[in-house]
Amino acid sequence: MISFETEAKLLSILKEDIGSGDITSAITPAAECTAQIKTNEACTLAGIEEIAFLFKSAGLTVHTHKKDGEIAKKGQKILEVHGSNRKILSYERVCLNILGRMCGVATMCAKAKTIAQKETIAVTRKTVPGFQSLDKKAAEIAGCWTHRKNLAEMILLKDNHLKFFSGAGAAAQRAKESGKDYEIEVENESDALEVARHSPHIIMLDNFSPENAKKTIKKLRKEGYGGKIELSGGISFSNLKKYTGLGADIISMGALTKTAKIVDFSMDIMTVKK
């Protein structure tokens, strides 16, 4: 189910594209037609629910051939929409853009999961402004952790926050006193061991080499830290394998959203009833 907030966001995205009205479709002879959306490359699907909502909001009839989370092969039919040609033409590009972006993120996330099968793969807040909730949903569909859907969900003390505290331990203590779930980012083994004494829910080892990460994780567990350990910073598909099997619980990758490419979909008018 799509939330009311997401429905409003999707309609706002549509409004941005249509503006005061689609003047090209307005001069196109009115007819009833059926259009088909297909993928031009293999991908993990996400966003079908969103574009189906948009088409239906225009009074169009939608028939889906694939579901979110499924793998689509090149050339496969994803969805058919039937009704006013003017509405279909006006909604075409926005729907293809939303579908393409969400499938791009989902495909990247699914790829990462095949490499790191033991660890939880997480996305970050390096998302397209205004599209964060949809990027995060796409990641979730592909089986990844959304980490934080927004700043209200969890405390995450990063390097710039820590500059306002006397040290990493003081920051961890302040977060602990808040009574909320919290995570703290550290850049060296010493800080990791210091904050572990305050029992944060998650310790993020940021920009650690695989060797230093493995050594620090071993020390944290030896010292009795029982929370989650996350690896982050500079992790991409070229080095992800090196960060697996080190004992971490989570591997977060900004690349999953930052470098996701829009999957190519096309829509063709199949039948016309004048």
Taking the Cα atoms of segment 6-52, what is the range of coordinates along each of the three principal axes, in descending order and whole Å? 37, 26, 17
Of the listed values (1) 20.0; (2) 16.2; (3) 12.2, identify the label whose number matches mean projected area of the Cα convex hull in nm² calculated from this model. (2)
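Taking 24 Å as the cut-off for C-alpha to C-alpha distance, list the pairs among 9/67; 176/222; 163/242 that go past it. Mind showing how you got there, number by number?
Values: 9/67 21 Å; 176/222 22 Å; 163/242 30 Å.
Checking Cα-Cα distances, 163/242 exceed 24 Å.
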Scoring only Lys, Arg, Asp and Glu (+1, +1, -1, -1) among other residues with Cβ under 13 Å from the Cβ of residue 240 yields +4
Which GluC sites (Glu not before Pro) in segment 41-103 pass both tests, a DSSP loop state and at most 13 other beta-carbon atoms within 10 Å? none
How are the alpha carbon pair distances in segment 1-106 distributed across 10 Å bins from zero to the largest one, expressed in percent? 14, 47, 32, 6
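For segment 202-274, what is the Kirkwood estimate of the hydrodynamic radius, computed as the reciprocal of the mean inverse distance between distinct Cα atoms, to one decimal in Å?
Details: mean 1/r = 0.0677 Å⁻¹.
Value: 14.8 Å, from the Cα pair sum.
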Convex hull volume per residue for segment 113-258, taking Cα atoms only, in Å³: 107
By the Kirkwood definition, with r running over pairs of different Cα atoms, segment 135-209 has a hydrodynamic radius in Å of 13.2
May I have the pair-distance distribution P(r) for segment 94-146, computed from all Cα-Cα distances with 10 Å bins from 0 and rounded to whole percent? 28, 55, 16, 2
Placed amide H near residue 182: partners under 5 Å, 5+ positions off or other chain: 201, 202
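Values in this text are rule-based calculations from the coordinates and carry no lab data. Being a predicted model, the structure only gives us computed values, none of them experimental. FYI the Cβ positions are ideal-geometry reconstructions off the backbone, even for glycines, and counts take in every protein chain you see.
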